[in-house]
Amino acid sequence: MKDTEVAVAETDAALAHLVDSGHGDMVRVLLEGLGLSAEQLSELMPQATGALMALDDAAEMARGGISEADAALAEMRQGWIENQEAARELREAWRARWRSAPASPSVT
């Protein structure tokens, strides 16, 4: 029985290392293939399931960061559009003023 517990603990540590090495998807498939509930898995393989939960949390935080970056990009784009509109209005006003200015007298 002790050998089984040691083997499970070593496997748990190895799976946690795989998750930390960027192979979380593979470990998730392996653990799901065992057919155990999430509670059973967390009791049997606490390191591996903990590493997967940390990976999920990091992914969620990254998605939130992307959402913030998308919002900032949209805000920058809107500012650019507004600046382009202001520049166009300024050009049109300058042209209208230039066209309405009296012609300068000829010097002879």
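The values are calculated or read from the model by the stated rules, or taken from the named source; none is laboratory data. Bear in mind that the values here come from a model prediction, so they are computed numbers and not experimental data. Ligands, DNA and RNA are stripped out before the accessible areas are found, and what is left, the full protein with its side chains, is counted by its heavy atoms. Shrake-Rupley method; radii C 1.70, N 1.55, O 1.52, S 1.80 Å.
Residue by residue through region 20-34, what is 3J(HN,Hα) from phi via Karplus (6.51 cos²θ - 1.76 cosθ + 1.60, θ = phi - 60°)? Round to whole Hz and write x for glycine and proline.
5, 8, x, 10, x, 4, 5, 5, 4, 5, 4, 5, 5, x, 6
Could you report the accessible area of W80 in Å², rounded to 10, computed with a 1.4 Å probe on the protein chains as they sit in the structure?
150
Please arrange V6, V19 by accessible surface area, largest first, computed with a 1.4 Å probe and ligands excluded.
Result of the area sort, largest leading: V6, V19.
If you roll a 1.4 angstrom probe over the protein chains with everything in place, what fraction of the accessible area of the chain belongs to carbon and sulfur, to the nearest %?
59
Calculated from DSSP H runs of 4 or more alone, at -39500 (n - 2.57) each and per residue, what is the 222 nm mean residue ellipticity of the chain, nearest 500?
Theoretical 222 nm ellipticity from helices: -29500 deg cm²/dmol.
Per residue, how much accessible area does region 31-70 have with a 1.4 Å probe, in Å²?
69
Starting at the first residue of region 69-79, write each ³J(HN,Hα) from the Karplus equation 6.51 cos²θ - 1.76 cosθ + 1.60 with θ = phi - 60°, in whole Hz, x for Gly and Pro.
The phi angles translate into 5, 4, 5, 5, 5, 5, 5, 4, 4, 4, x Hz.
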